[in-house]
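S.K.: Below is one structure. I have some questions about it.
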Amino acid sequence: MKAASRDRRERGLPSTARLRLRPFGYELDGITHRPAEAAALREAYDALIVGSDFVEIANRWNRAGFRNAFEQPWTAGAVSGVIWNPRQMGKVAYGGRIVADAVWEPMVDEITWRVIRARSKHRAIPARSLLGHIATCGKVLEDGTACGRVVSTGRQNGRPAYRCLGPTQHLTRRTDLVDAQVTKWVLARLARPSVQTRLTEGDRALAATHAQLARLRARELVEEGTAVPPADFGEVLAPIRAEIRELEERVVRTRLRTLIGRQLVSQTATEAWDGWSILERRQVIGAVAVITIASNPPARTPYCAKAVKILPRR
Ligand SMILES: [Zn+2]
C-alpha cells in the first residue's frame, strides 16, 4: 500500500486516501476542476494580492453558497487551509515537502503562492493605519542620507501619529493629516488616463524578470549542492534568496497593478477607493507610490505637505 501511494505521488497524482473528501475546486478525482469553485479559488488569490484576508474570502464563499468538504459554511481557518495547500500551485506534497509536479492544472502560479504566503507570515502587526510599515522615515542623518526605516503608529498629544521605528524616534507626524495628503495624491494619480493605461498594460520587462529569476534559482540550486561549511552556506545563499524574493515581489506587484487597472475601467478612482478596505488601500498605495515622511520643519508651523514626499512607483 505504502509503495503504491508513493508511486502515485511521484507521478504527480493525488493520493487515494484523500479521495474520500472532495478537495474544494476539484471533482472527486482531485484532478478535474469544478468550474464555479475553481473560479472562486482563483478570485481568492487575486483578492489576497489586493490585500483581502481569509475572513473576507470565507464570507464571500458563504454568500455564494459554497460549502466545505463537510457541507459546513466556510471559516477563515478552513479557507487558509485550502489556499495554502500546495496542490493549488500544481504540486504534490508529502510530509510538508513538495515531491512532484502535479498532473492537474494549477489554480495559481507558484510565484504568487509563495509571495502571498511569505507576506502572511510577516504580517505580525495588524494593519490599522494607512501607511504604517509602508512609508519610510525621511529624517536626514548626520552623514546626509535619509533614515529610511519604516514608520509605525504611536500617539502624539493624544492623537494617532506616525513614528520612525528607529532607536531615536526622530519622527512624529499626525496620521490624519498625512493620510489625507497621500489619499488625495493617490486618487489624483489613479484618475489619470495615462496611469490607468500603464496599470492595465502591466510590466513590459516582466519576461526579463522571469528570466533573471530562473537564473537565480539555478544558482541557488548549484550553491545548495556545493557549499560545504554551514557558515558559508548561509552567506552565499542569503543574498541570492533575498534577490529571488525581491524579484518575486515585483512579479506579484505587477499583477496587483493589473488588477487595480482593471477595476478602474468600470469605476472612477473615488468609487474604487470608497469600496476598498484599509488592507486593500494599503496594497494600492504600495503599488503606485513610494512615500517618505520627514518631520514638520520648526515646531508649531502649520502642517507642511512638502515634508511628505510621494513619488510614483514605476
Ligand atoms: Zn527615522
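S.K.: Looking only at region 188-210, filter to residues that are surrounded by 12 or more Cβ atoms within 10 Å (Cβ to Cβ) and of a type in the set (S, T, N, Q); which one of those is farthest from the ligand (Cβ to nearest atom)?
M.R.: Of everything passing the filter in region 188-210, 200 is farthest from the ligand (Cβ to nearest atom).
S.K.: Only residues that are away from the ligand (no atom under 16 Å from the Cβ), in contact (Cβ under 8 Å) with a residue 60 or more places away in the chain and of a type in the set (A, V, I, L, M): list them for region 164-187, please.
M.R.: Answer for region 164-187, where residues must be away from the ligand (no atom under 16 Å from the Cβ), in contact (Cβ under 8 Å) with a residue 60 or more places away in the chain and of a type in the set (A, V, I, L, M): 177, 182, 186, 187.
S.K.: Return yes or no: is residue 270 modelled with pLDDT of 85 or more, in a helix (DSSP H, G or I) and polar (S, T, N, Q)?
M.R.: Considered against the rule, which asks whether it is modelled with pLDDT of 85 or more, in a helix (DSSP H, G or I) and polar (S, T, N, Q), residue 270 comes out as yes.
S.K.: Take residue 99 and tell me if it is closer than 28 Å to residue 23 by Cβ and either assigned to a loop (DSSP other than H, G, I, E, B) or within 16 Å of the ligand (Cβ to nearest atom) (or both).
M.R.: Against the criterion (closer than 28 Å to residue 23 by Cβ and either assigned to a loop (DSSP other than H, G, I, E, B) or within 16 Å of the ligand (Cβ to nearest atom) (or both)), residue 99 does not qualify.
S.K.: Say whether the condition of being away from the ligand (no atom under 16 Å from the Cβ), of a type in the set (Phe, Trp, Tyr) and within 19 Å of residue 259 (Cβ to Cβ) is met by at least one residue in region 111-118.
M.R.: yes
S.K.: Same structure again: What is the residue count in region 271-300 for residues that are under 16 Å from residue 181 (Cβ atoms) and of a type in the set (Ser, Thr, Tyr)?
M.R.: Selection size over region 271-300: 2.
S.K.: Might you let me know whether region 132-147 holds any residue that is of a type in the set (Gly, Ala, Ser), within 16 Å of the ligand (Cβ to nearest atom) and part of a strand (DSSP E or B)?
M.R.: yes
S.K.: Can you tell me which residues in region 48-100 are charged (D, E, K, R) and under 21 Å from the mean Cα position of the chain (by Cα)?
M.R.: Those that are charged (D, E, K, R) and under 21 Å from the mean Cα position of the chain (by Cα): 53, 56, 60, 87, 91.
S.K.: Something else about it: Surrounded by 16 or more Cβ atoms within 10 Å (Cβ to Cβ) and in a loop (DSSP other than H, G, I, E, B): is that true of residue 108 in this structure?
M.R.: yes
S.K.: Restricting attention to region 91-106, does a residue exist that is touching a Pro at 6+ places or on another chain (Cβ under 7 Å) and within 24 Å of residue 246 (Cα to Cα)?
M.R.: Yes, there is a match, as at least one residue in region 91-106 is touching a Pro at 6+ places or on another chain (Cβ under 7 Å) and within 24 Å of residue 246 (Cα to Cα).
S.K.: Right, something else. Among the residues in region 38-46, are any surrounded by 15 or more Cβ atoms within 10 Å (Cβ to Cβ) and without any contact (Cβ under 8 Å) to a residue 24 or more places away in the chain?
M.R.: Yes: region 38-46 contains one or more residues that are surrounded by 15 or more Cβ atoms within 10 Å (Cβ to Cβ) and without any contact (Cβ under 8 Å) to a residue 24 or more places away in the chain.
Condition check ((1) under 24 Å from residue 261 (Cβ atoms); (2) at pLDDT below 90) across all residues:
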residue	(1), (2)
5	no, yes
35	no, no
48	yes, no
52	yes, yes
58	no, no
67	no, no
76	no, no
82	no, no
98	no, yes
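S.K.: Might you let me know whether region 155-173 holds any residue that is more than 14 Å from residue 307 (Cα to Cα), out of contact with any helix residue (DSSP H, G or I) (no Cβ under 8 Å at 6 or more places or on another chain) and part of a helix (DSSP H, G or I)?
M.R.: no
S.K.: Check off (1) assigned to a helix (DSSP H, G or I); (2) more than 30 Å from residue 244 (Cβ to Cβ); (3) in contact with a Pro (Cβ under 9 Å, 6 or more places away or on another chain) for residue 36 and give me the number that stays unchecked.
M.R.: Every listed condition holds for residue 36 apart from (3).
S.K.: I'd like the full set of residues that are among the acidic types (Asp, Glu) and surrounded by fewer than 17 Cβ atoms within 10 Å (Cβ to Cβ), limited to region 52-94.
M.R.: Hit for region 52-94 is 71, nothing else.
S.K.: Here is a further query. So is residue 161 within 13 Å of the ligand (Cβ to nearest atom), under 30 Å from residue 269 (Cβ atoms) and crowded, with 18+ Cβ neighbours inside 10 Å or not?
M.R.: When the stated conditions are applied, residue 161 does not pass them.
S.K.: So, one more: Hey, can you tell me all the residues within region 148-158 that are within 11 Å of the ligand (Cβ to nearest atom) and at positive phi?
M.R.: Correct list: 148 only.
The values are calculated or read from the model by the stated rules, or taken from the named source; none is laboratory data. Model, not experiment: these values are computed from the prediction. Cβ coordinates were reconstructed from backbone atoms using ideal geometry, including for glycine residues, and neighbour counts include every protein chain displayed.
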